[in-house]
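Everything below concerns the one structure shown next.
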Amino acid sequence: MAGSALSVVSRLLSRSTGSGAPILLRQMFEPNSCTYTYLLGDRESREAILIDPVLETAPRDAQLVRELGLRLLYAVNTHCHADHITGSGLLRSLLPGCQSVISRLSGAQADLHIEDGDSIRFGRFALETRASPGHTPGCVTFVLNDHSMAFTGDALLIRGCGRTDFQQGCAKTLYHSVHEKIFTLPGDCLIYPAHDYHGLTVSTVEEERTLNPRLTLSCEEFVKVMDNLNLPKPLQIDIAVPANMRCGVQTPPS
């Protein structure tokens, strides 16, 4: 992608939960941190949520919400991110009535805190919260109520997973989170991660159960791999983490 242009990858799926019109899903991309933001909406009630918004692309997201005639209820984060500042705070200002949401175990501030087993409802749909710590203690995965799709944050990436060498990460915990909370979903459940660095957009539980080069290892082998990645520190970590600890209630930039 050329220059700093913000790219939008839009995906409109015909997945239906029960009777009525199918869910509206748009997948959007922020190239600097390679972050995916997801807009989910109920076509009948027009209620919607955003998952993992980024500060720089929050105006784009708000514009799309307005264009589609949706009412944004929640700006939700899968965890306290280290590679970008969340757009939750700015979205609360751009779209009055929107509330910020994050796991209580993240330690971050928000309008609403969620825990394992909680549901986030928008119209006829709901996202089940599944605690999936390991990348950070507060990571969660959001599963659509018909188990047709899961938004895995940094816990499970396409053919990879989030790192575990900072923010109180733990490789053993991450391994068990993915195997017990995500790999137990139906094989055809779509996997939508928070990031991708290779141009991929979606996977399935069955693909990752059988093809993920890290998570098909034994737990002991996985821990050894994760302990020896030797990755550089995220460029924005010193700015992003303090801002994201005030998730959704930080003062928006002027």
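Which entry in (i) 16.9, 49; (ii) 26.2, 95; (iii) 20.2, 71 matches Rg and Dmax of the Cα atoms in Å derived from the coordinates of this structure?
(i)
May I ask you to derive the FRET efficiency for Ser93 and Gln168 from their Cβ-Cβ distance with R0 = 25 Å, giving the value to the nearest 0.05?
Working: r = 30 Å, r/R0 = 1.22.
Using R0 = 25 Å, I get an efficiency of 0.25.
Mind pulling the per residue volume of the convex hull built on the Cα atoms of the stretch 19-165? Å³ is fine. Could the numbers behind the result be given before it?
Values: hull volume 15.3 nm³, N = 147.
Considering the Cα atoms of the stretch 19-165, their hull volume per residue is 104 Å³.
Ratio of Rg to Rh for the stretch 96-185, alpha carbon only, Kirkwood?
Values: Rg = 13.2 Å, Rh = 13.5 Å.
Rg/Rh for the stretch 96-185 comes to 0.98.
Percent antiparallel among DSSP beta bridges with both residues in the stretch 72-226, to the nearest 5?
Values: 14 of 24 bridges.
Looking only at bridges with both residues in the stretch 72-226, the antiparallel portion is about 60 percent.
Per residue, how many Å² of accessible area does the stretch 36-100 show with a 1.4 Å probe? Let's see the in-between values first.
Details: 1930 Å² over 65 residues.
That works out to 30 Å² per residue.
Read phi for every residue in the stretch 79-93 and hand back ³J(HN,Hα) as whole Hz from Karplus 6.51 cos²θ - 1.76 cosθ + 1.60, θ = phi - 60°, with x for Gly and Pro.
Running phi through 6.51 cos²θ - 1.76 cosθ + 1.60 with θ = phi - 60° gives 5, 7, 6, 10, 10, 7, 8, 4, x, 4, x, 5, 5, 4, 7 Hz.
Roughly how many nanometres apart are two label points built 7 Å out from the Cα toward the Cβ at Thr201 and Glu44?
2.7 nm
So what is the relative contact order for the chain, in percent, with contacts set as C-alpha pairs under 8 Å and at least six apart?
On the way: 594 pairs, mean separation 44.4, N = 254.
Result for the chain is 17 percent.
Given the peptides 66-73, 160-167, 214-221, arrange them by the average over their residues of other C-beta atoms within 10 Å, most packed first. Could the numbers behind the result be given before it?
Values: 66-73: 16.9, 160-167: 20.2, 214-221: 14.1.
Packing order, densest peptide first, comes out as 160-167, 66-73, 214-221.
Report, to the nearest whole %, how much of the accessible area of the stretch 108-254 belongs to carbon and sulfur atoms, 1.4 Å probe, protein only.
About 53 percent, which is the carbon plus sulfur part of the accessible surface.
For the stretch 135-254, count the residues as N, evaluate 2.2 N^0.38 Å, and divide the Cα radius of gyration by that value, please.
Values: Rg = 15.2 Å, N = 120, 2.2 N^0.38 = 13.6 Å.
The stretch 135-254 yields a ratio of 1.12.
Pop out the ³J(HN,Hα) list for the stretch 72-77 in order, Karplus 6.51 cos²θ - 1.76 cosθ + 1.60 with θ = phi - 60°, rounded to Hz; leave Gly and Pro as x.
My calculation for the stretch 72-77 gives 7, 8, 9, 10, 10, 10 Hz in order.
Quick check for me: using +1 on Lys/Arg Cβ and -1 on Asp/Glu Cβ, what's the dipole size of the chain about its Cα centre, in debye to the nearest 20?
Numbers: 22 positive and 27 negative charges, 86 e Å.
Here the size comes out at about 420 debye.
The values are calculated or read from the model by the stated rules, or taken from the named source; none is laboratory data. Just so you know, these numbers come straight off a predicted model, no measurement behind them. Note: ideal-geometry Cβ built from the backbone for every residue, glycine included; neighbour counts use all protein chains shown. The protein model used for the area step is the full one, side chains on, heavy atoms only, and it has no ligands, DNA or RNA in it. Shrake-Rupley method; radii C 1.70, N 1.55, O 1.52, S 1.80 Å.
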